[in-house]
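First the structure, in the form of structure tokens, and then the observations on it.
The values are calculated or read from the model by the stated rules, or taken from the named source; none is laboratory data. What you see is a predicted model, and the numbers here were worked out from it, not measured in a lab. Neighbour counts run over all protein chains shown; Cβ positions are idealised from the backbone, glycine included.
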Amino acid sequence: MSHVALVIPGLDRIGGAERQVILLAKGLQRRGWRVSVVALSGAGGDAAAELTAVGAGFLTLQMRKGLADPRGWIRFHHWLRRESPDVVHAHLPHAAWLERWSRLAAPVRVVVDTLHSCSTGSLGRRLGYRWSGWLVDRVTAVSQAAAAAHLSARMVAESKLAVLPNGVDTEAWRPDTPVRIAMRRELGLDEEFLWLAAGRLDPVKDYPTLLAAMASVPEPARLLIAGAGPLQDELLLLSAQLGLEQRVRFLGFEPDLRRWVRAADGFVLSSRCEGLPMGLLEAAACALPAVATDVPGTPEVLVNGETGWLAPAGDCTALAESMTRMMRTTPEERHAMGERARQFVMERFSLDAILDRWEALYGDLLRRNPRSVRWGHAG
């Protein structure tokens, strides 16, 4: 049984990258792999319990000072030597740097890491990727746009780069009419058009533009925002200033968004930067049409005019116009748009197909690397 270790900064706060790691871990475990998830910090919360319930291992390195904490490096090196995973696969920059440089102290057969965003970050991040590139066997990107951004910044060699998108469980994420009816009754909705937005309350999601757009969207329309983050108080104040207290509801962090997606009439994404937005994939799998900002990564999920509408980033007027356009389409047109969205996701992003691709990639790399290596030599 081959052993894969998935390394992530933490699982206490769940975003798109963390959800994808959980899906990969559970899917690979189900397919007969031995899976361990290693978090740099935190306790893992409900996600750790979910992983252990299906037989996957979970380890936290308890790094309290980020990568500057030597105790975390020592714990990881000891764990690598003791458990000898065949594949170490990191997600997000800090996990990638830990994984790469640890290869010098604890040889492993295959090192892979995944780029989840089109943002190339600071000069320090760009240099970190360049200087450690020789220690990784393969880098994957969740979208063509993310791959292009990192190639342009010279953060990865083209010969080592592959695009392997996020996957979504299209059986778990599907329309459910009884749930929709019950949720709308619980929310006290009748003919109101219900929008749903999901994601951390961070600047990159640009919720101020969404709220400004919502203030221009005609009645009857309501907006649910699922997510928590540092901008919560600021966004609550802005919502009140725009007179949206009765039209916008902040749900906080929601571990399972499916019931809210099924209750909604449209999904809206106002981000200034994305990689391959999981929220948009999950909404599409539930046959929910969407309005989203036209930023790199998003057009790979949303087909403009077919499964939803794209609007320029940071333009509240254009976003409001696209939202209003969606609201003014007939229910039959929206239903057809949602069905096309679900079909698009099933054809390109189904979890089983993505797991097939990960297994093929791991298998190919393991055949090429029959022994653990360090400093480029057999270990």
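Counting only strands (runs of 3 or more DSSP E) wholly contained in region 66-145, no element carries 3 or more residues that are in contact (Cβ under 8 Å) with a residue 60 or more places away in the chain and surrounded by fewer than 21 Cβ atoms within 10 Å (Cβ to Cβ). For region 17-40, filtering for residues that are over 25 Å from ALA141 (Cβ atoms) and not charged (D, E, K, R) leaves 1.
Exactly one residue out of ARG371, ARG334, ARG342 is within 22 Å of THR177 (Cα to Cα), touching a Gly at 6+ places or on another chain (Cβ under 9 Å) and among the basic types (Lys, Arg): that is ARG334. The C-beta contact set for region 1-17 (first residue crowded, with 21+ Cβ neighbours inside 10 Å, second residue aromatic (Phe, Trp, Tyr), distance under 6 angstrom, 6+ apart or interchain) comprises VAL4/TRP33. Checking each residue of region 47-63 against the condition of being of a type outside the set (S, T, N, Q) and under 28 Å from VAL295 (Cβ atoms) gives at least one match. Scanning region 22-50 for residues that are modelled with pLDDT under 95, closer than 18 Å to PRO9 by Cβ and among the aliphatic types (A, V, I, L, M), which turns out surrounded by the most Cβ atoms within 10 Å (Cβ to Cβ)? Step by step, filter region 22-50, then rank; the result is ALA47.
The set of residues in region 146-164 being surrounded by fewer than 18 Cβ atoms within 10 Å (Cβ to Cβ), more than 29 Å from LEU80 (Cα to Cα) and of a type in the set (A, V, I, L, M, F, W, C) consists of ALA148, LEU151, ALA153. Applying the set (1) among the small types (Gly, Ala, Ser); (2) touching a Ser or Thr at 6+ places or on another chain (Cβ under 9 Å); (3) over 20 Å from GLY338 (Cα atoms) to GLY188 leaves exactly one unmet item: (2). Candidates are the residues of region 284-302 that are under 14 Å from the mean Cα position of the chain (by Cα) and in a loop (DSSP other than H, G, I, E, B); the one that is farthest from ARG342 (Cα to Cα) is GLY297. Based on this model, can you work out whether ALA68 counts as more than 19 Å from LEU164 (Cβ to Cβ) and modelled with pLDDT of 95 or more? It is false that ALA68 is more than 19 Å from LEU164 (Cβ to Cβ) and modelled with pLDDT of 95 or more. Flag: PHE58 does not match the condition of being assigned to a helix (DSSP H, G or I) and in contact with a Ser or Thr (Cβ under 7 Å, 6 or more places away or on another chain). Can you find even one residue in region 47-68 that is closer than 20 Å to ALA360 by Cα and either touching an Asp or Glu at 6+ places or on another chain (Cβ under 7 Å) or hydrophobic (A, V, I, L, M, F, W, C) (or both)? No, that holds for no residue. Do we have THR170 as within 25 Å of the chain's Cα centre (by Cα), polar (S, T, N, Q) and assigned to a helix (DSSP H, G or I) here? Judged against the criteria, THR170 is not a match.
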